[in-house]
Amino acid sequence: MSSPTAANPPPQVKARKALGLRRIWQAKALYIMLLPGVIYYIIFKYFPMYGVIIAFKDFSILDGILKSPWADPWNKHFLTFFESPYFYQLLRNTILISVYKLIFGIFPPIIMALLLNECRVRWFKSLVQTLTYMPHFLSWVIIYGILIALLSQSSGLINHWIKELGGEAIPFMTSTTYFRSILVGSEIWQNLGWGAIIYLAAMSGIDPTLYEAARVDGASRLRMIWHVTLPGIRSVIIMLFILNLGYILDAGFGQVYVLYNLQVYPVADIIDTWVFRTGLLQLNFSLAAAVGLFKSGIGLVLVLISNKIARRWGEGIW
């Protein structure tokens with residue numbers, strides 16, 4: 001009697017393969033629906049990864065990626081970034097702005113979602129939800145115009161009130177004291193309602209019998225929020241925190257580039273804005289790729305570490 005081999009697997013393996021193929025065929029409609037997303041990621045996410053090699057080359061547009069000479073030494077462009085006199089300032093600004101956004105930006109959407117979830121007046125709930133997520137669709141150019149109308153030293157509405165009360169106008173947009181607060185505050189305002197949608201969706205999946213049991217036990221609304229609602233969305237909170245931690249070195253290029261100016265460079269100039277000026281505007285694409293690879297590596301390490309910590313409470317992404 002011949003023993004099972006790769007060419008002649010045992011009957012149990014054949015049965016499992018047949019069952020797997022049959023299940024795939026039964027769910028063929030779902031796989032067809034999944035296909036456009038898979039194709040998108042292959043074309044626009046995975047295929048361009050081969051271009052990362054320009055971080056290790058002296059890239060020339062005329063020569064192309066493959067024909068451009070290799071950098072000597074191989075980490076030449078990484079050293080250019082690390083040895084820049086602005087490196088520590090850029091890293092500090094990027095991390096501080098990102099951490100501020102991460103810490104102060106995680107709670108407002110949760111609070112908003114809890115308030116909307118507790119609201120029993122349907123038309124008011126819909127109105128507030130619509131008004132709060134509309135700013136998400138505004139570009140930073142439009143938001144910059146709104147901030148100028150409110151915070152301009154010469155004609156801003158808030159400074160007008162300050163002067164009416166006998167105070168002196170404050171240069172909010174050009175002050176190193178206030179600029180980071182403006183960045184964080186405008187980011188929270190823009191994404192408040194949009195972030196609340198995710199938590200509202202998670203709350204809708206909580207078993208209603210848990211609320212009924214808590215109500216029978218005499219729990220107040222605050223007690224039900226603390227012991228039922230928040231534990232029910234804990235996994236979503238941790239997941240979003242881990243994902244956002246991976247973007248710790250992306251402090252929001254579009255926002256900073258639109259809002260910052262020469263007066264606030266010491267506190268607002270981040271890695272991405274420096275790369276834009278030094279790398280892209282000067283056609284130094286190898287330097288831009290090297291910095292991008294450095295950021296991606298740091299983000300990957302942070303996500304892996306935070307996910308490993310979260311798994312101790314059974315809330316990891318994988």
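The values are calculated or read from the model by the stated rules, or taken from the named source; none is laboratory data. Everything quoted here is computed from the prediction, not taken from an experiment. Glycine also receives a Cβ, built like all others from the backbone with ideal geometry; neighbour counts cover every protein chain displayed. Quick note on the areas: whole protein, heavy atoms, side chains included, nothing else; ligands and nucleic acids left out. Shrake-Rupley method; radii C 1.70, N 1.55, O 1.52, S 1.80 Å.
Overall form of the chain: oblate. Here a/c, set by the Cα gyration tensor axes a ≥ b ≥ c, is 1.5 or more, and a/b is not larger than b/c. Per residue, the accessible area of the chain comes to 64 Å² when a 1.4 Å probe rolls over the protein heavy atoms. What distance in nm separates the two pseudo spin-label positions at Phe104 and His227, each 7 Å out from Cα along the beta-carbon direction? So the label points at Phe104 and His227 sit 3.5 nm apart. With each label modelled as a point 7 angstrom along the Cα→C-beta vector, the Val141-Tyr41 pair spans 3.3 nm. Among the lysines of the chain, pairs at least eight places apart or on separate chains and with Cα atoms under 24 Å apart come to 13.
In the stretch 160-219 the Cα-Cα distances spread across 5 Å bins starting at 0 as 4, 14, 10, 11, 12, 10, 8, 8, 7, 7, 9, 2 percent of all pairs. Applying the Karplus relation 6.51 cos²θ - 1.76 cosθ + 1.60 with θ = phi - 60° to the stretch 42-55 yields 3J(HN,Hα) values of 5, 6, 9, 10, 8, 4, x, 4, 5, x, 4, 5, 5, 5 Hz, where x marks Gly and Pro.
Electrostatic bookkeeping for Leu300 treats Lys and Arg as +1 and Asp and Glu as -1; over the other residues with beta carbon under 14 Å from its beta carbon, the sum is +1. Span-like helix criteria (full DSSP H runs; alpha carbon extent of at least 27 Å along the helix axis; mean Kyte-Doolittle hydropathy of at least 1.0) are satisfied in the chain by 87-118, 285-311. Considering only protein heavy atoms and a 1.4 Å probe, what is the carbon-and-sulfur percentage of the accessible area of the chain? Answer for the chain is 68 percent, counting heavy atoms of protein chains only. Rounded, prolate or oblate: which fits the stretch 157-286 when a ≥ b ≥ c are the square roots of the eigenvalues of the alpha-carbon gyration tensor, with rounded for a/c under 1.5 and prolate only if a/b beats b/c? Here the stretch 157-286 falls in the oblate category.
May I ask for the net charge around Asn191, where only other residues with Cβ less than 15 Å from the Cβ of Asn191 are counted and Lys, Arg are +1 while Asp, Glu are -1? That works out to -1.
May I ask for the longest run of the chain untouched by GluC sites (Glu not before Pro) that are loop-located per DSSP and have at most 15 neighbouring C-beta atoms (other than their own) within 10 Å? Counting only loop sites that pass the neighbour cut-off, the longest clear stretch is 169-318.
Given contacts defined as C-alpha pairs under 8 Å and at least six residues apart, what's the relative contact order of the stretch 209-318, whole-number percent? After rounding, I find 30 percent.
Restricting the stretch 120-222 to trypsin sites (Lys or Arg not before Pro) that sit in a DSSP loop and have at most 16 other Cβ atoms within 10 Å of their own Cβ leaves Arg120.
Magnitude of the charge dipole for the chain, about its Cα centre and with charges confined to Cβ atoms of Lys, Arg (+1) and Asp, Glu (-1), is about 1400 debye.
The stretch 49-68 and the stretch 120-191 have their alpha-carbon centroids 43 Å apart.
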